[in-house]
Amino acid sequence: MHIPDGFLSPVTYIPATIAVIPLLVIAWKKTKEAITDESFAFLSSLTAFSFVIMMFNIPIPGGTSGHAIGAAILAILFGPWVGAFCISLTLFIQALVFGDGGLSVFALNSLAMGFVASFVAFYLHKLLDGRIKKSVVSFVAGWSGIVAASAVIAVVLGMQPLLGIDAAGHPIYFPFGLNVTIPAIVGSHILFFGVAEGIATMLVLRFIEKIKNTNSTKEVAL
Amino acid sequence: MSRNGKYLVIFILSVVVLTPLGLMAQGPAWGEWSPEEIKAMLGYVPESIATTKPLIATLIPDYEIGGLGALASTWVSAIIGVGLVFVVMIGIKKSVKRAS
């Protein structure tokens, strides 16, 4: 889902960059509030986990691959703004050091995988929590967050053929339209990577709960 | 180190150790193609994709480190990524302490 440099028209990434800056400022402030001596180990470990889990490429039919992002875990434990900030930090390191996702289009990757995934997961979790089994809530929150993020990426990429055609009639930016991007990107997240994100969310939240409980002599405020 | 900290370190280290599993996927993510892959698909490379250069040259493109095998590259990349996340997080924590 990491959009590379050159795939998007400036008409797409310039407004997105302008939009994401104030959002990141809010997310940064919320993250500073959330970092305490107690939460620090969890917050940084789970952000590191999101970096690592994005390296777990899962092969799917059709010769492509993808991965979970770990956004729902952070969003559920620390709130959607903190989730968005931590995932954006991971995405920024990936773009800057590893060329995974373009720096020029960082705003779109941050909006989709950072903000949209975190907010959708957080509010779905809030809506469902207590109504159905905890592990099911975690799974649904993770699955929905990443599927929502994939929908944003699919629409942004699928719009590009409308935004620039050269003299030969070829698209200048990403060459496939919505009729291709929606089934390919959203479809693969519904079927595969959403399931991976759901399972990761379920397992890691259960693990965090367990270690907090075994350490009950010390109050751990998240 | 607190017990939580110990569990978390073990947790992150075990995930890092397992990262080479991600190498089993041969294909790129859908849409994240190189200009060469797009050329093979369409017969041409869209202008912007052909001409746009990254804003800055990346240190470890595609998590591959020259001179190291795929396995070692993946481990080193994962450790660098995890390390950078912690460096930034420690920085944020310190800036909060200083401000208060």
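The values are calculated or read from the model by the stated rules, or taken from the named source; none is laboratory data. Quantities reported herein were computed from a predicted structural model and do not represent experimental measurements. Here the Cβ is made from the backbone with ideal geometry for all residues, glycine too, and neighbour counts use every protein chain on show.
Of the residues that make up region A:133-144, is at least one more than 10 Å from chain B (Cβ to nearest Cβ) and more than 28 Å from residue A:56 (Cα to Cα)? Within region A:133-144, not a single residue is more than 10 Å from chain B (Cβ to nearest Cβ) and more than 28 Å from residue A:56 (Cα to Cα). Within region A:182-191, is even one residue of a type in the set (Ser, Thr, Tyr) and under 20 Å from residue B:45 (Cα atoms)? Within region A:182-191, none of the residues are of a type in the set (Ser, Thr, Tyr) and under 20 Å from residue B:45 (Cα atoms).
For every residue, the table says whether it meets (1) within 11 Å of the chain's Cα centre (by Cα); (2) over 21 Å from residue A:200 (Cβ atoms).
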{"site": "B:15", "(1), (2)": "no, no"}
{"site": "B:41", "(1), (2)": "no, yes"}
{"site": "B:45", "(1), (2)": "no, yes"}
{"site": "B:63", "(1), (2)": "yes, no"}
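Out of all the residues in region A:80-92, is one or more touching a residue at least 24 places away in the same chain (Cβ under 8 Å), of a type outside the set (Val, Ile, Thr) and at the interface with another protein chain (Cβ under 9 Å from one of its Cβ atoms)? Scanning region A:80-92 turns up at least one residue that is touching a residue at least 24 places away in the same chain (Cβ under 8 Å), of a type outside the set (Val, Ile, Thr) and at the interface with another protein chain (Cβ under 9 Å from one of its Cβ atoms). Evaluate region A:49-56: report whether one residue or more is within 16 Å of the chain's Cα centre (by Cα), closer than 23 Å to residue B:96 by Cβ, away from chain B (no Cβ under 11 Å) and crowded, with 24+ Cβ neighbours inside 10 Å. The answer is no, given that none of the residues of region A:49-56 is within 16 Å of the chain's Cα centre (by Cα), closer than 23 Å to residue B:96 by Cβ, away from chain B (no Cβ under 11 Å) and crowded, with 24+ Cβ neighbours inside 10 Å.
Just for region A:165-201: of the residues that are among the hydroxyl-bearing types (Ser, Thr, Tyr) and within 12 Å of chain B (Cβ to nearest Cβ), which one is nearest to the chain's Cα centre (by Cα)? Within region A:165-201, the match that is nearest to the chain's Cα centre (by Cα) is A:188. Residues that are outside any loop (DSSP other than H, G, I, E, B), of a type outside the set (D, E, K, R), at pLDDT 95 or above and touching a Cys at 6+ places or on another chain (Cβ under 6 Å) occur at least once in region A:34-47. Taken together, the residues in region B:45-83 that are touching a Phe, Trp or Tyr at 6+ places or on another chain (Cβ under 8 Å) and either more than 9 Å from chain A (Cβ to nearest Cβ) or not in a loop (DSSP other than H, G, I, E, B) (or both) amount to 11.
In the set (1) over 15 Å from the mean Cα position of the chain (by Cα); (2) small (Gly, Ala, Ser); (3) assigned to a helix (DSSP H, G or I); (4) closer than 25 Å to residue B:44 by Cβ, the condition left unmet by residue A:154 is number (1). Residues that are under 27 Å from residue A:171 (Cα atoms) and either touching a residue at least 60 places away in the same chain (Cβ under 8 Å) or not charged (D, E, K, R) (or both) within region B:59-74 comprise just one, B:61.
Just so you know, in region B:19-37 the residues that are more than 7 Å from every other protein chain (Cβ to nearest Cβ) and free of Cβ contacts under 8 Å to residues at least 40 places away in the same chain include one that is surrounded by the fewest Cβ atoms within 10 Å (Cβ to Cβ), and it is B:36. Would region A:61-76 turn up any residue that is surrounded by fewer than 24 Cβ atoms within 10 Å (Cβ to Cβ), in contact with a Leu (Cβ under 8 Å, 6 or more places away or on another chain) and outside any loop (DSSP other than H, G, I, E, B)? No: region A:61-76 contains no residue that is surrounded by fewer than 24 Cβ atoms within 10 Å (Cβ to Cβ), in contact with a Leu (Cβ under 8 Å, 6 or more places away or on another chain) and outside any loop (DSSP other than H, G, I, E, B).
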